[in-house]
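J.: First the structure, which I've put down as structure tokens, then a few questions once you've had a look.
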Amino acid sequence: VIPGWFSEISPMWPGEAHSLKVEKILFQGKSDYQDVIVFQSATYGKVLVLDGVIQLTERDECAYQEMITHLPLCSISNPKKVLVIGGGDGGVLREVARHSSVEQIDICEIDKMVVDVAKQYFPNVAVGYEDPRVNLVIGDGVAFLKNAAEGTYDAVIVDSSDPIGPAKELFEKPFFESVNRALRPGGVVCTQAESLWLHMDIIEDIVSNCREIFKGSVNYAWTSVPTYPSGVIGFMLCSTEGPHVDFKKPLNPIDADESSIKSHGPLKFYNAEIHSAAFCLPSFAKKVIDSK
Ligand code: AAT
């Protein structure tokens with residue numbers, strides 16, 4: 001450990017640790033679920049850390065929040081009801097709110113401290129809460145989905161932390177079964193699905209569970225986020241039985257929507273080309289994912 005630097009050490013990426021130079025620690029707390037830290041970094045703006053793992057930095061959060069949101073929402077026309085699991089910082093809400101067709105945005109985040117800290121230290125992320133379509137529930141996403149009415153949502157976005165800690169069950173089969181149940185026919189889900197470089201074993205399990213459960217399309221996409229372990233992160237995109245969804249060909253182009261740009265500002269990362277490109281996989285991963 002280098003004095004004055006934060007190093008992201010975890011058994012989920014043994015033998016490596018990305019480090020950021022710390023200018024100042026702004027917040028340190030312990031919630032019922034996890035340790036919460038906010039610090040000012042030298043070159044990535046403010047950083048939110050949960051249980052020693054970076055959740056977002058001001059500099060590169062756009063890549064993750066825009067991709068996890070617009071990959072699913074731009075793959076269907078006129079999404080109306082959207083559910084976000086996790087994502088307590090509000091960044092995904094900010095991106096969902098760009099879609100003028102959306103009428104209802106439910107969010108279930110387990111940890112109120114994440115919401116409060118985001119509102120205090122990350123106003124450009126927590127701005128997502130200002131949208132009147134947002135309904136916040138503080139609770140476990142697993143329980144929330146178990147109780148959700150059948151066939152309710154057009155899209156579910158699972159902005160979850162890693163499977164060590166409170167998000168463990170969000171990577172397991174029963175959870176995907178309740179997501180499938182809560183979606184309308186031809187509805188879509190996008191879940192945080194870890195790194196191709198570090199977690200092929202986790203990805204293999206997610207893919208084979210999803211192929212069993214979701215009777216529409218099942219695809220893995222990925223993007224570059226410099227402050228996430230190995231610098232990349234992936235998403236599992238699935239659709240339920242019903243109208244066909246071709247995730248690789250976006251049909252709801254938010255990046256070209258003038259009224260959304262006017263009200264919410266331009267997108268920093270997502271565009272239609274990067275949407276399609278996100279599904280191109282390196283050969284080693286393609287082999288494993290296609291064989292599941
Ligand atoms: N948008 C920032 C990126 C995240 S945040 C993940 C959120 O999921 C956290 O706020 C955490 O409190 C919440 N969470 C964890 N478990 C649950 C649960 N069971 N129900 C509801 N919310 C939950 C993800 C960063 C990925 C990091 C990659 N290394």
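The values are calculated or read from the model by the stated rules, or taken from the named source; none is laboratory data. A quick note: this is a predicted structure, and the numbers were derived from the prediction, not measured. Cβ: placed from backbone, ideal geometry, glycine included. Neighbour counts: every protein chain shown. Heads up: the accessible areas ignore ligands, DNA and RNA and are worked out on the full protein's heavy atoms, side chains in. Shrake-Rupley method; radii C 1.70, N 1.55, O 1.52, S 1.80 Å.
J.: With a 1.4 Å probe and all protein chains left in place, how much of the accessible area of region 121-276 comes from carbon and sulfur atoms, in whole percent?
T.: Numbers: 3610 of 6830 Å².
Heavy-atom surface of region 121-276 belonging to carbon and sulfur, 1.4 Å probe: 53 percent.
J.: Same structure again: What does the net charge come to around TYR270 if you take all other residues with beta carbon closer than 12 Å to its beta carbon, with K and R at +1 and D and E at -1?
T.: Local net charge: -3.
J.: Once you sort the root eigenvalues of the Cα gyration tensor of region 165-256 as a ≥ b ≥ c, which label holds: rounded (a/c under 1.5), prolate (a/b larger than b/c) or oblate (the other case)?
T.: Oblate.
J.: Still on this structure, I have one more. If one computes the Cα centroid of region 100-121 and of region 27-70, what distance in Å separates the two points?
T.: About 14 Å separates the Cα centre of region 100-121 from the one of region 27-70.
J.: Using Cα pairs under 8 angstrom and six or more residues apart, how large is the relative contact order of region 1-151, in percent?
T.: RCO, region 1-151: 15 percent.
J.: Please check the chain for the longest run free of GluC sites (Glu not before Pro) that are loop-located per DSSP (anything but H, G, I, E, B) and have at most 16 other Cβ atoms within 10 Å.
T.: The longest uninterrupted stretch comes out as 17-102.
J.: Could you work out the pair-distance distribution P(r) of region 10-76 from its alpha-carbon pairs, with 10 angstrom bin width and percents rounded to whole numbers?
T.: Per 10 Å bin, starting at 0, the Cα pair percentages come out as 18, 40, 32, 10, 0.
J.: Place a point 7 Å from the Cα of SER101 along the Cα-to-Cβ direction; which residues of region 183-216 have their backbone N under 16 Å from it?
T.: 184-190
J.: Run the quick spin-label model on MET12 and SER283: label points 7 Å from Cα toward the beta carbon, then report their separation in nm to one decimal.
T.: Modelled inter-label distance: 3.0 nm.
J.: Please report Rg over Rh for region 203-292, where both radii come from the alpha carbon positions and Rh follows the Kirkwood definition.
T.: My calculation of the ratio gives 1.02.
J.: Restricting things to Cα coordinates, could you compute the convex hull volume per residue of region 78-212 in Å³? Before the final figure, lay out the partial values.
T.: Details: hull volume 15.3 nm³, N = 135.
In region 78-212, the Cα hull volume divided by residue count equals 113 Å³.
J.: For each pair in LYS46/LYS146; LYS215/LYS286; LYS168/LYS292; LYS81/LYS112, compute the distance between the two Cα atoms and list the pairs where it is over 25 Å.
T.: LYS46/LYS146
J.: Using only the heavy atoms of the protein chains and a 1.4 Å probe, how would TRP13, TRP222, TRP5 rank by accessible area, largest first?
T.: Greatest to least solvent exposure: TRP5, TRP222, TRP13.
J.: Based on the alpha carbon coordinates of the chain, what radius of gyration and maximum Cα-Cα distance (Dmax) apply, in Å?
T.: 17.8, 55
J.: D for region 12-124, whole µm²/s, Stokes-Einstein with Kirkwood Rh over alpha-carbon pairs at 25 °C and 0.890 mPa s: what number?
T.: So the translational diffusion coefficient is about 161 µm²/s.
J.: Under 1.5 on a/c is rounded, so check that first for region 125-199, then, if it is not, pick prolate when a/b is larger than b/c and oblate when it is not; a ≥ b ≥ c are the square roots of the alpha carbon gyration tensor eigenvalues.
T.: Oblate is the answer for region 125-199, as a/c is 1.5 or above yet b/c matches or exceeds a/b.
J.: May I ask you to derive the relative contact order of region 1-59, considering only C-alpha pairs under 8 Å and at least 6 residues apart, and to give it as an integer percent?
T.: On the way: 109 pairs, mean separation 14.5, N = 59.
In percent, rounded to a whole number, it is 25.
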